[in-house]
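Below is one structure, written out as structure tokens; comments come after it.
The values are calculated or read from the model by the stated rules, or taken from the named source; none is laboratory data. Because the structure is a prediction, the values reported are computed rather than measured. Note: ideal-geometry Cβ built from the backbone for every residue, glycine included; neighbour counts use all protein chains shown. These accessible areas exclude ligands, DNA and RNA; they are computed on the full protein's heavy atoms, side chains included. Shrake-Rupley method; radii C 1.70, N 1.55, O 1.52, S 1.80 Å.
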Amino acid sequence: MAMSMTDKAAAHTDKTEWPKALQQEFEREAQNHNGCVGNALVSESDRVRVWTIRLAPSERFGFHRHVLDYFWTSVSGGRGRQHLMDGSTVEYSYQPGETRHETYGAGEYKVHDLENIGDRELVFMTVEFLNSANKPLTLPQEVRAAAAA
């Protein structure tokens, strides 16, 4: 059975106000939706986009928007912190090979960031399905160019 993030218990949840810089970054994403759900697009076809996220300890991947059905797999395992669009901050531990599936109906989405709070590199693979209820967000040309190189 495919598991989603709603099946995963957070190691820590906090509802305190975010620092001003995070609030401002979140507001900028709301005005200009960021569809780059990884820091490298490694492959794209007419059916899927494949991304990686690689974060060194203390490194953070900024706010991005999920509108397509997708799944992610934790390659390395580790610990991460996310700021979620409901204003909460959550921390999770990930196991190597752990996989979660997410689906979105028409008009549904999720915005969050990811910070490596562990002591080793945190690596994820994400596969988005382009034939989802929502239209794919436009990606910057330089992201596609890097994937084609």
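So here's what we get for this one:
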{"quantity": "Value of relative contact order over the range 9-83, rounded to a whole percent, pairs C-alpha under 8 Å and six or more apart", "calculated": "25 percent"}
{"quantity": "The chain - percent relative contact order, Cα under 8 Å, separation 6 or more", "calculated": "33 percent"}
{"quantity": "Ranked order, ASP113, ASP7, ASP14 - accessible area, probe 1.4 Å, largest first", "calculated": "ASP7, ASP14, ASP113"}
{"quantity": "FRET efficiency, THR103 to ALA148 (Cβ-Cβ, R0 25 Å, nearest 0.05)", "calculated": "0.30"}
{"quantity": "Inter-site label distance for ASN134 and MET3 at 7 Å from Cα along Cβ, in nm", "calculated": "2.5 nm"}
{"quantity": "Prolate/oblate/rounded label for the range 46-149 (Cα gyration tensor, a/c 1.5)", "calculated": "prolate"}
{"quantity": "With DNA, RNA and ligands ignored, accessible area of MET5 (1.4 Å probe; Å², nearest 10)", "calculated": "30 Å²"}
{"quantity": "Cα shape, the range 27-101, gyration tensor, a/c 1.5 rule", "calculated": "oblate"}
{"quantity": "Pairs of lysine residues in the chain - Cα separation under 23 Å, sequence separation of 8 or more or cross-chain", "calculated": "4"}
{"quantity": "Highest average packing first - 68-78, 96-106, 37-47, Cβ atoms within 10 Å", "calculated": "68-78, 37-47, 96-106"}
{"quantity": "VAL48 long-range amide H proximity, modeled H, under 5 Å", "calculated": "LEU130"}
{"quantity": "Relative contact order computed over the range 50-103 (Cα-Cα under 8 Å; 6+ residues apart), in percent", "calculated": "36 percent"}
{"quantity": "Residue-by-residue Karplus 3J(HN,Hα) for the range 116-125, coefficients 6.51, -1.76, 1.60, Hz, glycine and proline x", "calculated": "7, 10, x, 10, 9, 4, 10, 10, 10, 10"}
{"quantity": "Karplus (6.51, -1.76, 1.60) ³J(HN,Hα), θ = phi - 60°, over the range 14-31, in Hz, Gly and Pro reported as x", "calculated": "9, 10, 6, 5, 6, x, 3, 4, 5, 4, 5, 4, 4, 5, 5, 5, 5, 7"}
{"quantity": "Inter-centroid distance (Cα atoms) of the range 1-54 relative to the range 55-121, Å", "calculated": "5 Å"}
